[in-house]
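Below: one structure, written as structure tokens.
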Amino acid sequence: MRRIRVHWSIFAFIVLQFFLAAQPVPGQEESGNNPEETKFFQLFPPPAPQAQKHPAGIRFLRDIWIDQKAIWTSPFQLKSKQVVTLALPLAAATAGLIATDSRTADYLPNTRDQIRWSQRISNFGAIYTLGLLTGGMLAGGKIVHKPNYSHIGRISAEALVSSILTNYALKAITQRERPNQGSGDGKFWAGGQSFPSGHAMTSWAVAIALAHSPQCPRWLAYTSYAMATIISLSRWSAHKHFPSDILVGGVFGGLIGNYIARRPR
């Protein structure tokens, strides 16, 4: 019953983000990425920029579809350099962490106070908190006529929704138990929702998308990086995730945020 309520809350959040993005951002039609700025190392290949002929809400849904298509087809489009510099190191690091997860999960004392305060910190990376952040920037920028902040909010909201969809799909595939479930060994395909960490994925997706937006102030970029790091580590100290969950969630979230922020539009 609790899982049903959680799923309905996720659906309601995505609908809210859609309605916030349904209003056009002032100056967005003129905004675009310089072709020279798109020459960067990324996992997901950017599609060709398209003329904006549809309402803002339709464009938001279309962008989510483009993001998901790029995310799920990216393993089949890896270049040899990306395999050597990204895929293989990530796979090796993940395998090494999985092999030691059951021990590192109990490395901390895991007292009641530690878990309670870690959970409070990790709430800053909850979906509703990040939704308020991205939605607030999107709506607030429109209210005060700051199109730059509206654009950052819109990009961040897109990164958040795309990372949520990706994370829940991966959780459904892996079904890994959390450190506080079962024997604490983090068994896969056991009905759990531990792999990868949702807080790590969404917080890093938003942080990277926000920081890589050309209009983002430097102080806001540094703050977003710091918060994503603290939130990710708090999931370990809250005894909710293994280190491998956090690593994969953070890396995938960063890749998603980077792709969305840099994608030609």
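Mind checking the full-extension length gain between residue 175 and residue 223? Use 0.36 nm per residue of separation minus the Cα-Cα distance, one decimal, nm. Walk me through the intermediate numbers first.
On the way: separation 48, 0.36 × 48 = 17.28 nm, distance 3.24 nm.
Extra length from residue 175 to residue 223 when fully extended: 14.0 nm.
In what sequence do 203, 80, 244 fall when counting other Cβ within 10 Å, fewest first? Spell out each step's value before the answer.
Values: 203 32, 80 7, 244 24.
Lowest count first: 80, 244, 203.
What order do you get for 142, 187, 79 when you list them from fewest to most C-beta neighbours inside 10 Å? Walk me through the numbers on the way to the answer.
Details: 142 19, 187 16, 79 12.
Exposure proxy ranking, most exposed first: 79, 187, 142.
What spacing in nm lies between the two simple spin-label points modelled at residue 107 and residue 65, each 7 Å away from Cα in the Cβ direction?
That separation, rounded to one decimal, is 4.5 nm.
Quick one: 227, 201, fewest Cβ neighbours within 10 Å first, how do they rank?
Details: 227 19, 201 31.
With the fewest neighbours first, 227, 201 line up as 227, 201.
Quick note: the coordinates plus some simple rules give every number you see, no bench work behind them. On a predicted model such as this, the values are computed, not experimentally measured, just so you know. A quick note on method: Cβ atoms are made from the backbone with ideal geometry, for glycine too, and the neighbour counts reach across all protein chains shown.
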